[in-house]
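Undergrad: Here's a structure for you.
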Amino acid sequence: QNAGAEHFEVNPMIRFPVRDFSSIENRVSSSTSVSTSRSTQLSRGESEGSFASERGSHRASESKSGVVSKFGKFFQRQIKGALVSSSNSSAEFLEYPVETEGYLVKFSRGGTWRLRYVVVRSHFLLCYESTYDSTRNESLLHKCYDISACRVSHTPMDAYSQNPLPQELSKYDYRFDIFSDSKETSWGCSSPGLLQEWTDVLNKVIKSSETLSLPAAVNLPSIRSLEGLVGDMLAEDINDDSLLKRVFFSTYKSFTNDIALLIVFENIFFAPYSTDEGVSIETWQKTVQVPTQQKVISLIVTWLTKYLATAEDNTLFFESLKSFQSKVSAQGSPNASKEIDDALVRHKSLLLRVSTTGRGFDSEDMMSPISNPGTSLLAADPSAIATQLTIIVSKIYSALHVSELLQIQWNNQENIDSKYPNVAKWIAFHNGLVISLTEWIINQGDQGQSKSIQLLMETTKYLKKLQNCDSLKIIYSILQSPEVSKIVSRSKISSSIIKQSKECMQDIETDMSYQEYLKTLQPPFIPSLKHHLGSMQKIDETNTTIVEGQVNFAKQSLLHQIIEDIFAGRAVPYTNKPDQSLQNVIFSFIKK
């Protein structure tokens, strides 16, 4: 995340970074500091050398149904763990620096030792054929392994005799093992010194990747077609509000749209009988068609009634949904048609709720700005300032939509006010206060500077109590600016106030400390949007959405984790009373 933060650490502002990401779209998704570990790593192919385990299992009673079409067998899932690339191209990994490289032997599943040239880049092991040359010809790449979820140790001496090396490779008899949760592989090098070097380097890169990684989502597919993802959801219990469904419905608009998803549901619902099913049409209807159709309707109902990502007035979509409903009714499924009707009624109530929840603060909602807001602010109580700051930001926060976050184009700042209105308001408010309050402090005399800085420092205590991380970040950015830091160093502000202020802000000082602090918070709280936008940008920058024509669902699960973190704080609303006059003082800083 530190790598991603460089675009946002333009102290003191949050900004949309301007950068050309076009080349990234052609790159294979890769784990980085914010990429997932373990089970959400990407899988680009199956390999005998995989450290991954088959975490998923066929659902015996359902997989026998033999529902085979372009959607595959919906009731079967094979979940991969670690990344294994069967690509013959190493170009996608060349951006990572080489940690170490050299010839090793690897014990294969077939029971033989094979010589490989191994290059460690970040936490990836690139294994080349033994005919490796210095040009690193891409055609020589054999396999790529992600070891971020693994452990490395020397092979016990008593295990050497179990898998003896052939005479021609006998010099590589200094061995180490790489373990995943369910598998181990053995490797050998040519000297005791190299053995220690390899194990030290591998343990170092594994530790580094674990320190910076986000928590992994368990038992989710890594790469899957849209149809396959729908099939995975249909394989689950009808009433199960699973992680898979939450990730899918909170992020699907980043890789498809409402109508395309509805077409997938419709095609599955009306999937025809085929003699390839191996059973009579009567048996197929009873054991496959009817249960599948019930699950499709249930999933559509869940989609419409539980997830606000679809809460849009999309006329074409609802016309398509009505057309699907008519076909369902004509097929002789009146109960299914009624379920869709009921879901539409509930969906409209969601739309109404969203439209009346609030649209965030507009500066036009405030009274006329006052000419000298600094004087009024100095006269205010720190607890009152913290409370009104929290009310202002929480109103923008409560109006924020999932779709705004997922549709952000990091390299395009045009029309951000209309495309992402609440994100834009949040950023404008944050940046406006940082800039204007910093200027206010600098432009005062020595005594005024000390008073204003002390006021902000005392305010941090109350912001911490209110769990307003974003406003704490505002004050932190101001106090850390070079100009204000110099003023603090020569001021006569009490050391106890300075110490207390630092303690209040230490949890939002770095990405790592904030991430740990976030785990301790209970709603209501206001997250630091700066942190989360940085994480989302990093994921978007380093992971493509579509890989070889399929959805990179590992990327979606990472985005979902961040989205859940962002919205967790508003599960319970703030109940503090607004003070219009003091809010106007705060807004006057931005207006002027």
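Undergrad: Among residues other than CYS189 whose Cβ falls under 10 Å from its Cβ, what is the net charge (Lys/Arg +1, Asp/Glu -1)? Spell out each step's value before the answer.
TA: On the way: positive: LYS171, ARG175; negative: ASP173, GLU197.
With Lys, Arg at +1 and Asp, Glu at -1, the neighbours total 0.
Undergrad: Specify the inter-centroid distance of the range 467-528 and the range 171-206, based on alpha-carbon positions, in whole Å.
TA: Answer, in whole Å: 43.
Undergrad: Around HIS142, which amide H atoms from residues at least 5 apart in sequence, or from another chain, sit under 5 Å from its own amide H, with H modelled in the peptide plane?
TA: CYS127, TYR128, GLU129
Undergrad: Please list the non-local residues whose amide H lies under 5 Å from the amide H of SER225, H modeled 1.01 Å from N, same-chain partners needing a gap of 5 or more.
TA: Amide H neighbours of SER225, under 5 Å, 5+ apart: VAL551.
Undergrad: Using modelled amide H (1.01 Å from N, peptide plane; none on Pro or chain starts), what sits under 5 Å from the amide H of VAL547, excluding residues fewer than 5 places away?
TA: Correct list: ASN552.
Undergrad: For the range 456-468, what does the Karplus curve 6.51 cos²θ - 1.76 cosθ + 1.60, with θ = phi - 60°, yield as ³J(HN,Hα) per residue in whole Hz, taken in order and with x for Gly and Pro?
TA: Going residue by residue, I get 5, 5, 5, 5, 4, 4, 7, 5, 5, 5, 7, 6, 9 Hz, with x marking Gly and Pro.
Undergrad: Apply the Karplus parameterisation 6.51 cos²θ - 1.76 cosθ + 1.60, with θ equal to phi minus 60°, to every residue of the range 187-194 and state each ³J(HN,Hα) to the nearest whole Hz, in sequence, with x for glycine and proline.
TA: Listing the rounded values in order: 10, x, 10, 9, 7, x, x, 5 Hz.
Undergrad: Could you derive backbone 3J(HN,Hα) for the range 488-502 from the dihedral phi with the Karplus parameters 6.51, -1.76 and 1.60 (θ = phi - 60°), listing whole Hz in sequence and x where the residue is Gly or Pro?
TA: Working through the residues one at a time gives 4, 5, 9, 7, 9, 5, 4, 4, 5, 5, 4, 5, 4, 5, 5 Hz.
Undergrad: Give me the net charge of PHE269's neighbourhood, meaning all other residues with Cβ under 11 Å from the Cβ of PHE269; Lys, Arg count +1, Asp, Glu -1.
TA: Details: positive: LYS295, LYS327; negative: GLU266.
Neighbour charge sum, excluding PHE269 itself: +1.
Undergrad: Sorted by accessible area with a 1.4 angstrom probe, largest first, how do LYS492, LYS395, LYS473 fall? List each step's numbers first, then the result.
TA: Values: LYS492 195, LYS395 80, LYS473 15 Å².
Sorted by accessible area, descending: LYS492, LYS395, LYS473.
Undergrad: Roughly to the nearest percent, how much of the accessible area of the range 423-565 is carbon and sulfur, given a 1.4 Å probe?
TA: Working: 2590 of 5310 Å².
The C+S portion of the solvent-accessible surface of the range 423-565 is 49 percent.
Undergrad: Same structure, new question: Leaving out ligands, DNA and RNA but keeping every protein chain, what accessible area does GLU548 have, in Å² rounded to the nearest 10, with a 1.4 Å probe?
TA: Accessible surface of GLU548 is approximately 130 Å².
The values are calculated or read from the model by the stated rules, or taken from the named source; none is laboratory data. Because the structure is a prediction, the values reported are computed rather than measured. Don't worry about glycine lacking a Cβ; one is built from the backbone with ideal geometry, like all the others, and counts go over all protein chains shown. Quick note on the areas: whole protein, heavy atoms, side chains included, nothing else; ligands and nucleic acids left out. Shrake-Rupley method; radii C 1.70, N 1.55, O 1.52, S 1.80 Å.
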